[in-house]
Every structure is written in structure tokens, then in C-alpha cells.
Amino acid sequence: MVRTVLRYVQHRITQHPNTDVTFEAECLKCEWKATPSTDGAAVDVECMGHTGRAGHPGFRRICTSFALVERIE
């Protein structure tokens, strides 16, 4: 008879060390893109400026981060 032994180990996920979150945005109506930045507010200000100049109100906002999963022992 063959038996299987299962071992359950807890894990945690955190932001990967030495990396930053990067914010980006692109207009839904034209090819305009904000300059990627680690400051989300700066990207939002660029979007508002684009709306003021071009009248385009819709944007796709992108937030990129890197994660690290580690065992908790």
C-alpha cells in the first residue's frame, strides 16, 4: 500500500525588497501616455493636464509592483 503525506506550510506575500511601485496612465481616446513614476499623484496631475488640454476624460491607470512569497517558519 502507498501512502501520501501532505505537509501544509504557511506563506506570506510582501513587496519585493529594493523595488518600487510604478504608476502609469494612458488616455482611452488617443495615444497619449503619462510619464511612468513612483509618485501616483504626479501621474494623476499629468492626466488632469491632458484632460484640460485635450478634453479627454478617460484613462487607464496601471500600478505595477513586484512581490515576494516566503514561507513562515
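The values are calculated or read from the model by the stated rules, or taken from the named source; none is laboratory data. All of these numbers come straight from a predicted model, not from anything done at the bench. A quick note on method: Cβ atoms are made from the backbone with ideal geometry, for glycine too, and the neighbour counts reach across all protein chains shown. Areas reflect the complete protein model, heavy atoms only, side chains present, ligands, DNA and RNA absent. Shrake-Rupley method; radii C 1.70, N 1.55, O 1.52, S 1.80 Å.
Checking each residue in region 1-59 for being within 29 Å of VAL69 (Cβ to Cβ), within 15 Å of the chain's Cα centre (by Cα) and open to solvent by less than 50 Å² (accessible area, probe 1.4 Å) picks out THR19, VAL21, THR22, ALA25, SER37, GLY40, VAL43. Taking each residue of region 12-31 that is small (Gly, Ala, Ser) and looking for partners that are open to solvent by less than 70 Å² (accessible area, probe 1.4 Å) and not in a loop (DSSP other than H, G, I, E, B) with beta-carbon atoms closer than 6 Å, six or more apart or interchain, yields ALA25/VAL43; ALA25/CYS47; ALA25/PHE59. Restricting the first member to region 49-63 and to residues that are small (Gly, Ala, Ser), and the second to residues that are at pLDDT 95 or above, the beta-carbon pairs closer than 6 Å and six or more apart or on different chains are GLY58/LEU28. Reported count of residues in region 32-64, each being out of contact with any Ser or Thr (no Cβ under 7 Å at 6 or more places or on another chain), among the polar types (S, T, N, Q) and closer than 30 Å to GLN10 by Cβ, is 0.
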